[in-house]
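Notes follow the structure.
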Amino acid sequence: QVKAAGRNAWMFFESRMNDEVRIRHRLETDLRLALERGEFQLHYQPQFDVDGDEVIAWEALLRWQHPLHGWIEPADFIPVAEDIGLILPLGEWVLEAACREAVKWTDQRYGNERVAVNVSARQLEQGDLAGIVARILRETGLAPGRLELELTESALMSNTPRVQQTLRDLKALGVHLTLDDFGTGYSSLAYLSTFTVDRLKIDRSFMRDIENKPNNAAIILAVVALAKALGMEVVAEGVETLQQRAFLVGSGCLKAQGFLYARPMPAGSVAAFMPARQ
Ligand code: C2E
Ligand code: MG
Ligand code: MG
Ligand code: MG
């Protein structure tokens, strides 16, 4: 009897494994089709000066509307896109769409802000990122100074000659480079002295519950001081409350992003948001 139960449990386990493999396979197939079918969209979330009266940049955030499952979050499909190599064409699509959109803001005279695009480690390591960015800037006519690339610590960690060369080429184009989610990777501060990154974005996990977590508050103060000492700008993400904002003002962090200021919005809402602000 024990044997039979064990056997059933094993069969159950095996069929669940098969389900997971099937679901994953389906996701991969759907993702590949999604690019061709135009199921991706970019939403934009503004970055403000900490007082909230001036928009400095708009971060492009990828959204996927699955025909059956509805909206799927980037956290649920970007790692898969990275695994199957789709992040290269997808990342290129994001860059191009964001640059095109940013040019429209100026053409329609409602903004001259930067557009910030998230770039995955794979794009830095494998693609000809600098070449792609150069082509897109040329084709869209976006001024290089209006494009900001948000890189993660993991992207910089590989630190191969190729990655270093790509970063130098991007800087030479005049594009801004930001280190996103700062403090969450397996950081070595050494790369801050070797890479030409203009800006640190403090990960939102440090903002959370700041009133009750003195360690988080201490880390924010230390990162702001570090950025200042290195001549870098610092931006806080995930600012949701007035208390967090007050803390940031006190810390000397001058730029912020978060639900307190504005949530990510579809491209069509950016125009309406701008005049309302001024
Ligand atoms: P991220 O670059 O750190 O982007 C910030 C994330 O925090 C966004 O989530 C944004 O909606 C969310 N957020 C902003 N303000 C607040 C706040 O006040 N509170 C809270 N709780 N959350 C806030 P989203 O859009 O789901 O994106 C998640 C991550 O997916 C991004 O983190 C980024 O790493 C990645 N991602 C998004 N779009 C792209 C893309 O086009 N390419 C690549 N490679 N990665 C992307
Ligand atoms: Mg980002
Ligand atoms: Mg971030
Ligand atoms: Mg983050």
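Remarks
- Considering the conditions (1) within 15 Å of the chain's Cα centre (by Cα); (2) under 20 Å from residue 166 (Cβ atoms); (3) crowded, with 20+ Cβ neighbours inside 10 Å; (4) hydrophobic (A, V, I, L, M, F, W, C), residue 62 is excluded by exactly one of them, (2).
- Taking each residue of segment 23-37 that is free of Cβ contacts under 8 Å to residues at least 60 places away in the same chain and looking for partners that are open to solvent by 40 Å² or more (accessible area, probe 1.4 Å) and among the acidic types (Asp, Glu) with beta-carbon atoms closer than 9 Å, six or more apart or interchain, yields 27/76; 28/83.
- Residue pairs meeting the criteria (Cβ under 6 Å; at least 6 apart or on separate chains; first touching a residue at least 24 places away in the same chain (Cβ under 8 Å), in segment 130-147; second surrounded by 13 or more Cβ atoms within 10 Å (Cβ to Cβ) and acidic (Asp, Glu)): 130/169; 132/92; 136/96
- Condition check for residue 149: within 16 Å of ligand 3 (Cβ to nearest atom) and not in a helix (DSSP H, G or I): yes
- Any hit, segment 123-145, residues being out of contact with any helix residue (DSSP H, G or I) (no Cβ under 6 Å at 6 or more places or on another chain), within 16 Å of ligand 3 (Cβ to nearest atom) and either closer than 21 Å to residue 45 by Cα or not hydrophobic (A, V, I, L, M, F, W, C) (or both): no
- Qualifying helices (runs of 4 or more DSSP H) (wholly inside segment 189-256; at least 1 residues being within 13 Å of ligand 1 (Cβ to nearest atom) and modelled with pLDDT of 95 or more): 242-251
- Being open to solvent by 10 Å² or more (accessible area, probe 1.4 Å), among the small types (Gly, Ala, Ser) and touching a residue at least 40 places away in the same chain (Cβ under 8 Å) holds for only one residue in 158, 120, and it is 120.
- Residue that is over 20 Å from the mean Cα position of the chain (by Cα), surrounded by 15 or more Cβ atoms within 10 Å (Cβ to Cβ) and within 16 Å of ligand 4 (Cβ to nearest atom), where the choices are 202, 210: 210
- Apart from one condition, residue 49 fits all of (1) at pLDDT 95 or above; (2) under 26 Å from residue 180 (Cα atoms); the exception is (1).
- Flag for residue 75 being closer than 27 Å to residue 257 by Cα, of a type outside the set (Asp, Glu), surrounded by fewer than 16 Cβ atoms within 10 Å (Cβ to Cβ) and within 16 Å of ligand 4 (Cβ to nearest atom): yes
- Failed condition for residue 44, given (1) modelled with pLDDT of 95 or more; (2) open to solvent by 80 Å² or more (accessible area, probe 1.4 Å); (3) aromatic (Phe, Trp, Tyr): (2)
- Of all the criteria given as (1) open to solvent by 80 Å² or more (accessible area, probe 1.4 Å); (2) over 24 Å from residue 236 (Cα atoms), the one not satisfied by residue 88 is (1).
- Against the list (1) modelled with pLDDT of 90 or more; (2) open to solvent by less than 50 Å² (accessible area, probe 1.4 Å); (3) away from ligand 1 (no atom under 15 Å from the Cβ), the condition residue 165 fails is (2).
The values are calculated or read from the model by the stated rules, or taken from the named source; none is laboratory data. On a predicted model such as this, the values are computed, not experimentally measured, just so you know. Note that we place each Cβ from the backbone using ideal geometry, even for glycine, and neighbour counts take in every protein chain shown. Remember, those area values only see protein heavy atoms, side chains included, never the ligands or the DNA or RNA. Shrake-Rupley method; radii C 1.70, N 1.55, O 1.52, S 1.80 Å.
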